[in-house]
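A.B. asks: I'd like to ask you about the structure that follows.
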Amino acid sequence: MKKFFVTVLVMIVSFSCIFAAGTKEATTEVGGGSPLSDVRVRQAIAYAIDMQAIVDSLMNGKAVTANSLSPNGGLKVANLNDYAYNPNKAKQLLKEAGWDANYTLDVVYYYGDQMTVDMMTAIQSYLANVGMKSTFRKLEGDLASQLWVPPVDPVKGPSAVTWDMAYAAIGALSMNEFYDRFLTGGGSNSHTPSDPVYDSLIKGTHVVDPEAQKAAFFEVQKYENDQLPAIPLYYQQVFVAQSTHLDRAGAGYGNEQFNYDWNIINWTVPADANGKKVLKTNGGPVQFVETPFLNPGLFMSQKVLFDHLVVADTNLAPLKGELAEDYTVSADGKTITFILRDDIYWHDGTKLTAEDVKWTYEFASKVPAVNSVFSSMLKKLEGYDAYVAGSADQISGIVIDGNVVKFKYAEADPNALLCFTQFPPLPKKYFSNVDPMQFQQASYWQNPVGSGPFKVKEIRMNNYATFVPFEKYYKGIAKLDEIQMYPSGESDPNLVKNAAAGQLDYAYTKSVEDVLALESMPNIVVTPVDIRYTRLFFVNKFPKP
Amino acid sequence: MFAYTIRRFLTLIPMILIMTFLIFLGMDLTPGDAVSFMASPEAMANMSQAQLAQLRESLGLNDPFFMRYLTWLGGVLHGDFGYSLTSGVPIKDIVLSRIPATLELSVAALLISTFLGTILGLVSAVRKGRPVDHILTITGMIGVSIPEFFLGLVALLLFAINLNWFPIGGRLRPEYTVYWDHMKNLILPALVLGVTMTAGVMRYTRSSMLDTINKDYIKTARSKGLPEWRINLVHGFRVALTPVVVLIGFRLPILIGGSVVIEQIFQWPGVGNEFLGAVRSQNYPLVMMIALFSVFAVLIASFIIDLLTAALDPRVQLD
């Protein structure tokens with residue numbers, strides 16, 4: 001019934017949009033600022049949208065409605081307001097806020113898929129039902145300059161962007177990523193004026209002690225749930241598709257977009273006609289192997305090529321040493337000491353040294369396209385500023401002595417260990433003439449030499465890539481004889497047909513359409529996994545210029 | 001003939017300059033730039049404006065339009081085709097690595113469509129009004145109307161997935177050891193591309209042939225008592241081929257530019273696939289180079305077609 005209702009809504013709004021084209025946009029503001037600066041208006045929007053119906057119908061139940069930016073799990077407080085669909089409550093809140101029915105909300109999005117368009121249409125209809133006019137438009141081109149430019153004055157504005165609400169996603173490595181972007185003066189905070197209470201609560205999560213951090217997140221979530229600085233819509237899941245004959249040796253399922261302890265050296269598949277156990281997957285390079293500094297585990301090639309100082313569990317919590325046989329964190333969290341194993345090698349057979357580790361993190365400090373959690377960690381190192389400014393030839397906060405590497409921070413970073421589970425050391429010798437600005441363009445990424453369980457056998461760009469077990473791998477030689485990857489980007493348009501043709505043993509996807517097709521195949525098993533990926537409306541609370 | 005050849009080559013220069021300028025302008029007018037596509041909008045939310053500006057500066061994207069165009073043009077004139085903005089690989093290497101795949105597909109499809117199209121068009125014309133003509137006419141109309149992507153997907157589903165006669169896609173596989181191994185990967189995309197082009201050639205050949213067999217010299221040949229097959233094939237078909245050759249000749253350079261749709265469906269790593277990726281990621285040096293290559297191929301093809309037309313039709317003089 002809900003499916004029918006949403007479909008009808010989509011149709012009605014599609015037609016009404018055609019006829020309503022040309023409606024003038026009113027500029028009336030509520031309370032002298034942005035019309036969305038009134039919390040009652042934001043709450044009304046949350047009540048006005050029946051996300052459960054949208055998830056059930058448009059997404060075939062392949063998502064989870066959200067009541068917070070934080071995903072469900074142990075780091076989320078209980079009993080948050082779900083803002084369950086309640087149009088009457090929405091109308092009442094709008095009335096109390098003095099909402100100007102002539103104002104037309106400018107809502108933007110940047111995804112081009114049909115489901116997004118359908119969802120935007122449905123939401124437009126829900127808003128219209130409670131008396132809110134809205135226009136929805138897709139952004140093209142330089143999205144960062146249209147979405148994330150903060151105002152000069154982070155307290156009063158005016159806004160440096162033109163939209164009222166932006167449909168977007170936060171795909172986070174650390175929990176802090178969900179909230180740090182709302183801090184006053186944040187580099188991409190184009191939407192939320194300075195809020196001392198929120199600032200204080202968010203900064204409270206920047207602690208090293210896990211229990212204290214958990215409690216701080218609970219407080220942030222309560223405030224967020226009440227004030228709705230952004231409107232969470234749904235949690236996107238990742239779906240692992242694997243063939244029925246793949247044996248993962250009991251390895252758990254985690255966030256496949258990152259690195260975790262997945263025990264791939266013990267994975268097996270039946271031998272083929274040539275007696276070889278070959279795993280077929282996607283995520284092979286199209287033009288180059290992507291560096292692990294921005295998206296550290298997005299592609300299969302990155303996952304099997306590189307090992308990390310520390311390995312994470314399926315929830316991305318640091319679990320135990322990997323390249324480091326041991327590590328310690330000081331009581332104040334400002335010093336982390338790693339003792340590297342003696343038996344770790346690069347795929348070319350040379351030793352992986354403490355010098356490689358130090359060089360990697362120094363080099364990363366000058367690379368522009370680096371994951372924000374990683375760059376935030378690097379910036380807190382002692383001597384970072386002097387090194388980046390060029391007044392020092394090394395980061396004084398990274399000290400090596402034999403096989404010991406010590407990271408000393410000016411300020412403790414709760415995500416430091418997490419970073420060491422994701423951003424791997426690289427072999428210094430292959431980057432001697434590489435400009436950090438042109439890091440991805442280095443020839444190394446055409447045929448990388450890593451430290452992980454599999455090494456490159458052959459890469460034919462945009463045709464295939466093959467990987468074979470690394471014979472000097474310190475955890476033992478992998479049971480698979482070969483991994484064959486066909487090339488694909490982040491979203492793989494050939495996933496379904498390769499699976500149908502029996503050419504796929506392992507892959508993951510976030511596409512609902514792909515999942516529905518994969519689930520119908522007898523040779524494929526699909527496993528949903530909750531990840532830190534929240535779809536939301538950013539709400540621009542700054543006044544327009 | 002020699003003077004004509006020189007003249008044609010000289011006219012190519014301004015045409016290529018104009019074309020490259022227009023393509024460069026088109027790229028410049030497209031919203032965004034290469035940096036906009038290097039990271040997802042979510043990742044960009046975590047990068048400062050200063051970081052993004054740094055990236056743009058390092059790639060030379062902050063220079064004014066004319067400076068960027070002249071820099072690119074100057075490089076090309078000196079034999080420096082530049083580097084891919086996204087991978088850093090020399091563009092010459094990228095294009096050269098893609099051309100074999102595209103040539104294989106294009107030539108195979110062109111041979112299929114030319115052979116089938118001309119034979120069926122000829123049969124349809126000489127059997128005008130008979131059942132075979134009606135069947136071929138209807139088939140041709142359907143062939144012209146069916147989009148490439150639809151035929152490609154149906155062929156994949158039927159022949160690769162259900163019947164398992166052909167590989168699902170791609171060109172090279174790790175297990176291939178000799179060149180001919182990958183021919184089985186070529187058959188399906190070449191057939192689909194060839195068949196979609198056959199209908200056009202067939203209709204063109206039929207019309208041209210019908211036009212030709214009503215000419216006076218055909219009637220003269222018939223009155224001389226020549227056998228019908230000789231009239232049709234030697235006197236009629238040869239002249240009727242002239243416009244068909246023009247059609248086919250212009251298809252080759254377009255195909256060399258890459259069949260974007262077929263290459264996408266069959267994961268065929270040709271120029272078209274690369275071009276699509278380059279346009280999407282605003283990788284302008286690569287887009288320019290592939291475009292330049294295609295423009296050059298079209299212009300050269302038009303020149304060769306002129307020569308062929310003269311050879312096929314004695315009435316045409318190249319002076």
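A.B. asks: Compute the distance from the alpha-carbon center of region A:122-198 to that of region B:95-135, in whole Å.
C.D. replies: Comparing the Cα centres of region A:122-198 and region B:95-135, I get a distance of 55 Å.
A.B. asks: Determine the distance separating the Cα centre of region A:360-395 from the Cα centre of region B:229-282; give it in Å without decimals.
C.D. replies: One Cα centre to the other: 52 Å.
A.B. asks: Okay, next question. For chain B, with a Gaussian network of springs between Cα atoms less than 10 Å apart, report the residue from B:GLN51, B:GLN267, B:GLN282 with the top mean-square fluctuation.
C.D. replies: Top of the fluctuation ranking is B:GLN51.
A.B. asks: Also, I was wondering about something else. Taking the Cα centre as origin and putting +1 on Lys and Arg beta-carbons and -1 on Asp and Glu beta-carbons, what dipole magnitude results for region B:1-142, to the nearest 20 debye? Please list the in-between numbers first.
C.D. replies: Numbers: 9 positive and 9 negative charges, 175 e Å.
For region B:1-142, the charge dipole is close to 840 debye.
A.B. asks: Hey, another quick one. Can you tell me which lysines have their Cα less than 17 Å from the Cα of A:LYS472? Leave out same-chain residues fewer than eight positions away.
C.D. replies: Once the sequence-local lysines are set aside, what remains near A:LYS472 is A:LYS351, A:LYS455, A:LYS457.
A.B. asks: Label region A:450-507 by shape, choosing from rounded, prolate and oblate, from the square roots a ≥ b ≥ c of the eigenvalues of the Cα gyration tensor; if a/c is under 1.5 it is rounded, and otherwise prolate applies when a/b is larger than b/c, oblate when it is not. Walk me through the numbers before you get to the answer.
C.D. replies: On the way: a/c = 2.56, a/b = 1.89, b/c = 1.35.
Because a/c hits 1.5 or more and a/b exceeds b/c, region A:450-507 counts as prolate.
A.B. asks: Only four residue types carry charge here, +1 at the Cβ of Lys and Arg and -1 at the Cβ of Asp and Glu. Report the dipole size of region B:100-280 about the Cα centre in Debye, rounded to the nearest 20.
C.D. replies: Numbers: 16 positive and 10 negative charges, 170 e Å.
Result for region B:100-280 is approximately 820 debye, rounded to the nearest 20.
A.B. asks: Using just the helices of the protein assembly as shown, give the 222 nm mean residue ellipticity in deg cm²/dmol: DSSP H runs with n ≥ 4 each add -39,500 (n - 2.57), and the total is spread over all residues, rounded to 500. Intermediate values should be presented prior to the final figure.
C.D. replies: Values: 30 runs with 372 residues, N = 864.
Roughly -13500 deg cm²/dmol at 222 nm, from the helical runs in the protein assembly as shown.
A.B. asks: Any idea which of B:GLY225, B:LEU163, B:LEU210 is furthest toward the positive side of the dipole for region B:100-280, if Lys and Arg beta-carbons carry +1 and Asp and Glu beta-carbons -1?
C.D. replies: Toward the positive end, the furthest listed residue is B:GLY225.
A.B. asks: Determine which lysines satisfy two conditions relative to A:LYS380: a Cα distance under 16 Å, and not lying fewer than 8 residues away in the same chain.
C.D. replies: Excluding near neighbours in sequence, the set is A:LYS203, A:LYS334, A:LYS358, A:LYS366, A:LYS406, A:LYS408.
A.B. asks: Shape verdict for region A:72-166, please, from the Cα gyration tensor: rounded (a/c under 1.5), prolate (a/b greater than b/c) or oblate.
C.D. replies: Rounded, since a/c falls under 1.5.
A.B. asks: State which stretch of chain A is the longest one without any exposed GluC sites (Glu not before Pro), exposure meaning a DSSP loop state and at most 13 other Cβ atoms within 10 Å.
C.D. replies: Details: sites that count: A:GLU25, A:GLU140, A:GLU411, A:GLU471, A:GLU490.
Segment A:141-410 is the longest.
A.B. asks: How much net charge surrounds B:ALA101 when only other residues with a Cβ under 13 Å from its Cβ are counted (Lys, Arg +1; Asp, Glu -1)?
C.D. replies: Values: positive: A:ARG460, B:ARG98, B:ARG171; negative: B:GLU104, B:GLU263, B:GLU274.
Around B:ALA101, the surrounding residues sum to 0.
A.B. asks: If one computes P(r) from the Cα atoms of chain A, what percent of pairs lie at distances over 38 Å? Before the final figure, lay out each step's value.
C.D. replies: On the way: 50284 of 148240 pairs.
For chain A, the share of Cα pairs beyond 38 Å comes to 34 percent.
A.B. asks: Work out the charge dipole of the protein assembly as shown with +1 on the Cβ of Lys and Arg and -1 on the Cβ of Asp and Glu about the Cα centre, then indicate which of A:GLY502, A:ALA44, A:GLY171 is farthest towards its positive end.
C.D. replies: A:GLY502
A.B. asks: Would you tally the net charge around A:PHE439, using a Cβ to Cβ cut-off of less than 12 Å, leaving A:PHE439 out, and scoring K and R as +1, D and E as -1?
C.D. replies: Working: positive: A:LYS366; negative: A:GLU290, A:ASP435.
That sum, taken over residues with Cβ under 12 Å, equals -1.
A.B. asks: Sticking with this structure for a sec: Determine the dipole magnitude for chain A: charges of +1 sit on the beta-carbon of Lys and Arg, -1 on that of Asp and Glu, nothing else is charged, the reference point is the Cα centre, and the result goes in debye to the nearest 20. Present the calculation step by step, with values, prior to reporting the outcome.
C.D. replies: On the way: 47 positive and 59 negative charges, 153 e Å.
Computed about the Cα centre, the dipole is about 740 debye.
Every read-out reported here was derived from the displayed coordinates using simple, explicitly stated rules and does not represent laboratory data. Not measured: the values here are computed from a predicted model. Because the Cβ atoms are built from the backbone with ideal geometry, glycine has one as well, and the counts that use them run over all protein chains shown.
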